[in-house]
Amino acid sequence: MRLFNRLAIAMPWLGLMLGFMVCSLPLLAMAADFKPPRRGLPGRREGGGTRDPIACIQGNPSQLVALLPGTNLGLTTAAYPRFFWFAPKSKAKFAEFSLYDVNEQREDRTPIYKTIFSIAGTAGIASLSLPSNATMPPLVVGKDYHWSVALVCNPDDRTRDIKVDGWVQRVAPEPRLTNQLVKATPEDRVRLYANNGIWFDTVTTLVEQRCAKPQEAALINSWAELLKSVQLDAIAEQPLMQQCRQ
């Protein structure tokens, strides 16, 4: 009888624990399952370029980092994607984002979007969405674009900029994936994008979820797992700045 009573008391707690584990597993799995494209391109996702970085950067981690897989190439289904990077604590008052159209031989590049904006100099994950207006054409499906972010350490001497750069390619999702996305919950969309190697949409959708539920532990853990899966462990616990879509 005592054994039965103990089991009766323990079963509700066991059910709660199992329920929590079942609810958390999809969120954790969606990040761990990210499959980057095999093709890589030359780039620098961790910052350099200044002659005197110590004079500009004050924090630790001490590098500007583009949120990209190690291949330096991220895929997106969006015509106007959102880009993410980690900005270290610094004395910089401005940052510059640039997007370039590159020819097939990658010998020439033409800037198609540039913007300089003020920053607070605090550490965290920052982002920028391409503007969908008449002066900014949508990304062409199947074309590689080069993008960069720079901390402007000295506006009078741009050789002191700290810069990262990488690549983005817009892809057309296959009909099966499109149908799955239409029916999917936000959590399932993250998993679907991750399983199909669509980096920018994975990150953007997960950030939007964190914006809606900033204190949810499963989302925070899933974010950390996603960054760790692409060897960005050092910034996995850094705070999100401008969490909500801008």
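Values as computed for the structure displayed
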read-out: Members of region 195-223 found to be within 12 Å of the chain's Cα centre (by Cα) and in contact (Cβ under 8 Å) with a residue 40 or more places away in the chain, listed by number; value: Ile198, Trp199, Phe200, Asp201, Thr202, Val203, Thr204, Leu206, Val207, Trp223
read-out: Residue selected from region 121-133 under the condition exposed (fewer than 15 other Cβ atoms within 10 Å of the Cβ) and in contact with a strand residue (DSSP E or B) (Cβ under 9 Å, 6 or more places away or on another chain), by the criterion nearest to Pro239 (Cα to Cα); value: Thr122
read-out: Restricting region 64-85 to residues that are in contact with a helix residue (DSSP H, G or I) (Cβ under 8 Å, 6 or more places away or on another chain) and part of a loop (DSSP other than H, G, I, E, B), the residue that is surrounded by the fewest Cβ atoms within 10 Å (Cβ to Cβ); value: Ala78
read-out: First in region 230-246 and at pLDDT 85 or above, second anywhere and of a type in the set (Val, Ile, Thr), Cβ under 6 Å, 6 or more apart; value: Ile235/Val65; Gln238/Ile125; Leu240/Ile125
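To keep it simple, each residue is scored yes or no on (1) under 30 Å from Lys91 (Cα atoms); (2) surrounded by 20 or more Cβ atoms within 10 Å (Cβ to Cβ).
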| residue | (1), (2) |
| --- | --- |
| Thr135 | no, no |
| Lys143 | no, no |
| Trp147 | yes, yes |
| Asp165 | yes, yes |
| Val190 | no, yes |
| Ala194 | no, yes |
| Phe200 | yes, yes |
| Val203 | yes, yes |
| Cys211 | yes, no |
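The values are calculated or read from the model by the stated rules, or taken from the named source; none is laboratory data. Remember, it's a predicted structure, so these values are computed and weren't measured experimentally. Here Cβ is always computed from backbone atoms with ideal geometry, including for glycine, and neighbour counts include all displayed protein chains.
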